[in-house]
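*Asks:* Got a structure here, written out as structure tokens. Questions coming.
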Amino acid sequence: MNDHHHSPEYRLEATDLSLAYGAARVVHDVSMPVPPASLTAIIGPNGCGKSTLLRALARLHTPLEGRVILDGTDIHRRPTKEVARELGLLPQAPIAPAGITVRDLVARGRTPYLGAFTPWTRADADAVERALKATGLTGLALRGVDSLSGGQRQRAWIALALAQDTEILLLDEPTTYLDIAHQYEVMDLLHTLAAQGRTVVTVLHDLAQAARYADHVVLMSAGLVLARGTPQEVLTEQRVSAAFGLPVTVVPDPVTGTPLVVPSRAPLAGLRAPEASPEASLDAHHRQERTP
Amino acid sequence: MTLSRPTWVSLILAVIALAAVSAAVTYGQTALPWWDSVRSAVGIPTNSPADFIVGQLRAPRTYTATLVGALLAGSGALLQSVARNPLASPDLLGVTQGAAAAAVAAIWAFGTTSSLALAPAAVTGALLTSALIVGVGWSRGIQPLRLIVAGIGIGFVAASITTYLLTAIPERLVPQAYLWTIGSTNARVWDHVAIAAGAIAATVPVALWLERRLRVLEMGDDLAAGLGVRPVRLRLAAIALGALAAGLAAALTGPIGFVALVAPAIARRLVRTEGIVLVPSIIAGAALTATADLFAREIFAPTQVPIGLFTAAIGAPYLLYLLRRARGWNS
Amino acid sequence: MHRLTLAALAAVALALIAIAASLAVGAQDIPVRDVWEAFFAYDASNPSHQIVRELRVDRTVIGIAAGAALAVAGALTQSLTRNPLADPGLLGLNAGAALAIVLGTVVGGVASLAPQIVLAFVGAAAAGLVAYGVGATGAGAAAPARLVLAGAAVTALLTAVTAAIVVAQPFALNQLRFWLAGSLTGRTGIPVGPLAVSVAIAIALGLLAVRPLSAIALGDHAAAALGTRAGLTRVHVLATVIVLAGLATALAGPIAFVGLAVPHLVRALVGPRIGWLLVLSIPLGAAVVLLGDVAGRIVARPGEISVGVTTALFGGILLAVLARRMWTVTP
């Protein structure tokens with residue numbers, strides 16, 4: 001763990017953060033600086049608190065203890081509109097108004113810059129066009145969001161966050177529910193954004209994506225940060241096995257050489273591997289129910 | 001210059017509303033010279049029977065109905081956006097029943113049936129009821145379906161109070177009191193028009209001020225919060241404003257059902273969106289009640305039918321249609 | 001088993017206390033001892049004995065029959081639809097009965113009681129079927145709020161039509177306003193005996209559905225796998241519910257929420273056992289209606305608040321509380 005990170009070079013930082021839902025504490029005493037101009041992936045088993053931590057970084061969850069600091073000030077002490085110009089968030093399941101076009105959806109990212117009766121300006125329009133271009137959606141701007149593929153739709157949501165013109169971008173599992181080609185389409189986009197100087201923090205489900213794309217990985221388990229650092233530092237057999245409670249083997253990714261995590265155990269002899277474990281589908285069901 | 005879809009939808013609806021209002025002031029049981037009617041309707045003396053028939057009877061009634069329709073539609077548009085459910089409206093949420101119960105309670109307590117004297121009671125009733133609904137429906141934030149079902153429950157309580165009071169008040173007051181449960185545009189005077197216009201002037205600008213943020217809120221609380229909107233505060237503000245508008249409407253005419261439900265739906269359908277479109281909704285509400293009131297006045301003339309029957313005839317089938325659709329039940 | 005026996009004993013004891021209170025409490029309180037003597041040592045010259053035998057017995061029998069009918073109907077509906085908010089009283093039955101009576105009065109000149117009871121029954125059944133058809137079938141059938149909203153929609157439509165007629169024909173209003181408030185009195189000459197026996201038969205028929213309903217509780221697919229004919233069960237249960245709710249409406253007028261509340265009370269005692277749920281709904285339903293009636297007699301002494309109002313007061317609050325519990329924000 002790199003605990004020497006405690007300096008003003010970090011714009012966004014969590015210090016001694018504890019988070020709870022009612023009486024149930026889900027994140028314990030987490031300190032985490034967010035490295036600038038890079039892609040940080042938060043990973044961990046279901047229910048480990050990673051989404052809650054991300055929401056807290058976006059000031060959507062008031063801490064029980066500790067603070068989230070943005071540019072040296074407690075994020076909850078700053079006007080919400082001002083924060084929204086510094087930090088964008090893409091939640092897990094946003095709702096696209098039926099019939100809305102891609103451009104209109106992306107335009108709503110300009111909300112923090114608009115008062116109730118402020119007119120739409122050239123600067124707003126330019127920001128929207130830039131966001132469309134960055135996500136490769138310029139040609140689809142007039143299409144309905146309903147008619148897009150899963151990957152295109154996720155890119156439209158990311159474009160909304162980009163139109164917000166924030167240096168920091170937080171995303172909650174942006175690749176979930178996408179097929180593998182669309183997952184990598186989205187990860188490529190996030191990687192490019194980080195390379196262009198944005199600070200991107202994303203919760204990820206898939207360890208292979210984290211290993212390939214992230215500059216920094218934060219591994220959580222049971223509300224604690226187990227490890228923090230480069231994928232090579234964090235994704236070791238010992239740490240991943242401990243976090244997920246599953247014996248794993250780490251081999252070099254045949255394509256990129258980054259760590260590739262595979263379970264150590266082959267399907268048990270004489271038993272058929274379950275096609276889809278009931279718990280897994282139940283879990284997916286709960287996750288859907290939880291989304292607003 | 002090309003007009004945006006909401007703009008030209010608003011313009012078309014405004015033309016319809018204007019046509020209905022013109023028809024309502026110039027057409028009636030007593031045939032009058034058209035020009036006299038028009039002049040009386042805008043308050044120019046003509047020294048003809050039109051001064052009374054149009055100036056004192058038709059015009060105030062029509063204008064009150066039209067403005068109340070606009071208020072109701074605005075209320076419905078706000079509440080539907082907050083609840084993210086096209087079913088939310090002050091009549092289904094119990095706000096209207098609260099206004100009616102308070103008005104009937106005032107009749108029972110003070111023995112007056114003057115609609116102007118009862119107006120403060122109705123507004124207070126609407127606001128108290130909505131505060132109660134939010135209070136009960138509140139549990140770490142506002143969940144739309146919880147709010148709706150809590151509203152139906154509290155609406156039932158209010159309706160049962162009204163029912164009891166109808167058996168408790170003197171028999172001669174019963175027909176007047178009963179009107180508070182269904183709404184009526186009969187016998188409105190210029191005071192009603194003035195109050196209605198004031199209500200519009202007070203509520204619509206605030207609603208427009210909230211509209212842009214409500215559109216963002218429709219995309220989910222987290223996304224909205226990420227864009228600098230405060231979901232809880234915005235919801236409370238929109239509910240309070242919606243209840244105030246519905247309460248003012250109920251104070252002026254009693255509860256006219258279904259306008260708040262249907263008018264925003266018509267507007268959304270025409271604009272082709274599922275989000276809030278305040279201005280088209282308000283104009284649609286005005287057009288709807290102006291037309292319904294003309295029918296209520298003339299279709300069985302000289303017998304007057306309550307305007308609520310016509311709005312229900314349009315609204316109830318639409319509501320049943322909405323319920324048949326599967327969408328939106330798990331939000 | 002021990003716990004269930006205890007629950008059954010408690011329910012019966014509560015019902016007995018409610019019966020005693022219903023016989024003893026009123027504008028004139030009568031000591032329990034006199035109530036006892038009125039049955040077993042009747043003295044025709046004792047006015048207390050007369051009150052008990054001539055007024056309060058009928059009233060109490062109506063309360064028992066209506067309460068048991070409504071509670072069992074509610075338990076059946078909730079089991080069939082797997083919807084904890086289902087209640088035949090919320091399906092617009094009352095509005096249907098009211099419209100039928102008003103139509104009978106105005107169109108058919110019906111003023112006597114027997115045909116009014118038939119009209120109420122038919123109107124209630126028709127309204128209930130429409131609301132059920134809209135709210136509990138097709139896609140999204142399992143959504144609890146939908147059935148409640150369908151009932152509210154049907155109620156609103158029928159109320160508007162009723163109101164239109166009543167405003168035009170004020171004499172119908174006086175017939176109606178006492179029907180609107182559910183009451184265990186006021187309908188002298190009602191054939192209490194035959195109606196109560198019909199309730200008993202209908203409840204017995206409903207109890208035959210316990211087995212298939214237990215299977216349906218696991219979902220339609222699981223029920224089919226267990227060999228249950230879901231379609232047949234649905235027809236059987238719905239027919240029973242409509243007969244029970246119609247009889248209750250004919251006996252006591254509209255009493256909402258008993259069908260919602262009592263099954264929730266019983267489930268808290270016996271858990272998800274459908275047989276026990278139905279059986280214990282009988283004494284608890286009777287107890288709730290009788291206690292509601294007694295409370296109405298005590299609160300407004302020397303007048304009284306009718307039981308439809310007292311149950312709606314408590315029931316509306318219960319619905320709001322249930323809404324709060326059902327849609328709690330999960331982290």
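Throughout, read-outs are computed from the coordinates displayed, never taken from laboratory work. All values reported here derive from a predicted model rather than from experimental measurement. All Cβ positions, even for glycine, are placed from backbone atoms using ideal geometry, and neighbour counts span all protein chains on display.
*Asks:* Could you sort B:283-289, B:200-206, C:89-95 so that the peptide with the highest average Cβ count within 10 Å comes first and the rest follow in order?
*Replies:* C:89-95, B:283-289, B:200-206
*Asks:* Using packing as a proxy for protection, rank A:74-83, A:37-46 so that the peptide with the highest average count of other Cβ atoms within 10 Å comes first.
*Replies:* Ranked by mean Cβ neighbours within 10 Å, highest first: A:37-46, A:74-83.
*Asks:* Find the Rg to Rh ratio for the range A:66-148, where Rh is the Kirkwood radius over alpha-carbon pairs and Rg uses the same atoms.
*Replies:* Here Rg/Rh amounts to 1.03.
*Asks:* How are the alpha carbon pair distances in the protein assembly as shown distributed across 10 Å bins from zero to the largest one, expressed in percent?
*Replies:* 2, 11, 18, 19, 18, 15, 10, 5, 2, 0, 0
*Asks:* What percent do you get for the relative contact order of chain C when only Cα pairs under 8 Å and 6+ apart count?
*Replies:* 30 percent
*Asks:* With both bridge residues required to lie in chain A, what share of the DSSP beta bridges run antiparallel, to the nearest 5%?
*Replies:* If I count the DSSP bridges inside chain A, around 60 percent turn out antiparallel.
*Asks:* To the nearest 10 degrees, how steeply does helix B:231-253 sit against the main Cα axis of chain B, on a 0 to 90 scale?
*Replies:* 20 degrees
*Asks:* If you count, for every residue in B:213-220, the Cβ atoms of partner chains within 10 Å of its Cβ, what is the mean?
*Replies:* 5
*Asks:* Which value at 222 nm does chain B reach when only helices count, each DSSP H run of 4 or more adding -39,500 (n - 2.57), with the total divided by all residues and rounded to the nearest 500 deg cm²/dmol?
*Replies:* -24000 deg cm²/dmol
*Asks:* For B:GLY228, which sequence-distant residues (separation of 5 or more, or a different chain) have an amide H within less than 5 Å of its own amide H, given hydrogens modelled in the peptide plane?
*Replies:* none
*Asks:* A further question on this structure: At a 10 Å Cβ-Cβ cut-off, how would you order C:LEU157, C:LEU9, fewest neighbours first?
*Replies:* Ordered by Cβ neighbours within 10 Å, fewest first: C:LEU9, C:LEU157.
*Asks:* In Å, what Rg and Dmax follow from the Cα atoms of the range C:1-132?
*Replies:* Calculated on Cα positions, Rg and Dmax stand at 19.6, 57 Å.
*Asks:* With θ set to phi - 60°, apply the Karplus curve 6.51 cos²θ - 1.76 cosθ + 1.60 along the range C:272-289 and write out the HN-Hα couplings as whole Hz, x wherever there is a Gly or Pro.
*Replies:* x, 9, 5, x, 4, 4, 5, 5, 6, 5, 5, x, 5, x, 4, 4, 5, 5
*Asks:* Counting only helical runs of four or more DSSP H residues, what would the 222 nm mean residue ellipticity of chain C come to if each run contributes -39,500 (n - 2.57) and the total is spread over all its residues?
*Replies:* -25000 deg cm²/dmol
*Asks:* Take peptides C:66-78, A:229-241 and line them up by average Cβ neighbours within 10 Å, highest first, as a rough protection proxy.
*Replies:* Packing order, densest peptide first, comes out as C:66-78, A:229-241.
*Asks:* Cβ under 12 Å from B:PRO144's Cβ, B:PRO144 left aside: what net charge do those residues give with Lys, Arg +1 and Asp, Glu -1?
*Replies:* +1
*Asks:* What do you get when you divide the Cα radius of gyration of the range C:232-305 by 2.2 N^0.38 Å, with N the number of residues?
*Replies:* Rounded to two decimals, the normalised Rg is 1.29.
*Asks:* Working out 0.36 nm times the residue gap between A:THR192 and A:ALA222, then minus their Cα-Cα distance, what length gain in nm do you get to one decimal?
*Replies:* That works out to 7.7 nm of additional length.
*Asks:* Please determine, in degrees from 0 to 90 and to the nearest 10, the orientation of helix A:278-290 with respect to the longest principal axis defined by the Cα atoms of chain A, where the helix direction is its Cα long axis.
*Replies:* The angle comes out at about 20 degrees.
*Asks:* Can I ask one more? Excluding B:ALA59 itself, what net charge comes from residues whose Cβ is under 14 Å from its Cβ, given Lys and Arg +1 and Asp and Glu -1?
*Replies:* My count for the surroundings of B:ALA59 gives +1.
*Asks:* Please label the shape of the range B:5-324 as rounded, prolate or oblate, based on the square roots a ≥ b ≥ c of the eigenvalues of the alpha-carbon gyration tensor (a/c under 1.5 means rounded; beyond that, a/b larger than b/c means prolate, else oblate).
*Replies:* oblate
*Asks:* What distance in nm separates the two pseudo spin-label positions at C:VAL32 and C:LEU207, each 7 Å out from Cα along the beta-carbon direction?
*Replies:* With each label placed 7 Å out from Cα toward Cβ, I get 2.7 nm.
*Asks:* Work out the length of the dipole vector of the range B:171-240 about its Cα centre, built from +1 on the beta-carbon of each Lys and Arg and -1 on the beta-carbon of each Asp and Glu, and round it to the nearest 20 debye.
*Replies:* 140 debye
*Asks:* Still on this structure, please answer the following. Across peptide A:148-157, how many C-beta atoms of other chains are within 10 Å of each residue C-beta, on average?
*Replies:* Across A:148-157, the average partner-chain Cβ count within 10 Å equals 0.
*Asks:* Moving on. So how far apart, in nm, are the two label points at C:ILE17 and B:GLN29 if each is 7 Å from Cα heading toward Cβ?
*Replies:* A separation of 6.1 nm, rounded to one decimal place.
*Asks:* Between 0 and 90 degrees, rounded to the nearest ten: what's the tilt of helix A:180-195 against the longest Cα principal axis of chain A?
*Replies:* Helix A:180-195 sits roughly 60 degrees off the main axis of chain A.
*Asks:* Compute the FRET efficiency between C:ARG3 and B:LEU236 as 1/(1 + (r/R0)^6), taking r as their Cβ-Cβ distance and R0 = 51 Å, and round to the nearest 0.05.
*Replies:* Calculated value: 0.70.
*Asks:* Springs between alpha-carbon pairs under 10 angstrom, Gaussian network model over chain C: which of C:PHE121, C:PHE314, C:PHE39 fluctuates most?
*Replies:* Per the Cα network of chain C with a 10 Å cutoff, C:PHE39 tops the list.
*Asks:* Would you mind giving the mean number of other chain beta-carbons within 10 Å of the Cβ of each residue in A:89-98, as a whole number?
*Replies:* Rounded to a whole number, the mean comes out at 6.
*Asks:* Using the Karplus curve 6.51 cos²θ - 1.76 cosθ + 1.60 with θ = phi - 60°, what ³J(HN,Hα) values do you get for each residue of the range B:271-278, in whole Hz, with x for Gly and Pro?
*Replies:* 7, 6, 8, 10, x, 6, 10, 5
*Asks:* Two decimals is fine: what's Rg over Rh for chain C, C-alpha atoms, Kirkwood radius as Rh?
*Replies:* 0.98
*Asks:* Pull up all non-local amide H partners of A:THR249: gap of 5 or more, or a different chain, and H-to-H distance under 5 Å with H placed in the peptide plane.
*Replies:* A:VAL262, A:SER264
*Asks:* Could you check which residue among C:GLY292, C:GLY109, C:GLY193 shows the biggest mean-square fluctuation in a GNM of chain C with a 10 Å Cα cutoff?
*Replies:* Its mean-square fluctuation being the largest, the pick is C:GLY109.
*Asks:* Something else about it: List, in order, the whole-Hz ³J(HN,Hα) value for each residue of the range A:79-84 obtained from phi through the Karplus relation with A = 6.51, B = -1.76, C = 1.60 and θ = phi - 60°; use x for Gly and Pro.
*Replies:* Those phi angles translate into x, 4, 5, 5, 4, 5 Hz.
*Asks:* Mind telling me which of C:LEU284, C:LEU205, C:LEU99 comes out most flexible in a GNM of chain C, alpha-carbon contacts under 10 Å?
*Replies:* C:LEU205
*Asks:* Taking 2.2 N^0.38 Å as the expected size of a compact globular protein, what ratio does the Cα radius of gyration of chain A give against it, to two decimals?
*Replies:* Dividing the Cα Rg of chain A by 2.2 N^0.38 Å gives 1.03.
*Asks:* Based on the Cβ-Cβ distance from A:LYS81 to A:THR230, what FRET efficiency comes out when R0 is 30 Å, to the nearest 0.05?
*Replies:* 0.25
*Asks:* Okay, next question. Skipping prolines and chain starts, which residues have an amide H placed within reach, meaning under 5 Å, of the one on A:MET32, given they are 5 or more residues away or on another chain?
*Replies:* Residues meeting the criterion, in which the H sits 1.01 Å from N, are A:ALA14, A:THR15, A:ASP16.
*Asks:* Counting Lys and Arg as +1 and Asp and Glu as -1, what is the net charge of the other residues whose Cβ lies under 14 Å from the Cβ of B:ASP36?
*Replies:* In short, +1.
*Asks:* Then there's this: Taking every DSSP beta bridge with both residues inside the protein assembly as shown, roughly what % is antiparallel (nearest 5)?
*Replies:* Roughly 60 percent of the DSSP beta bridges within the protein assembly as shown come out antiparallel.
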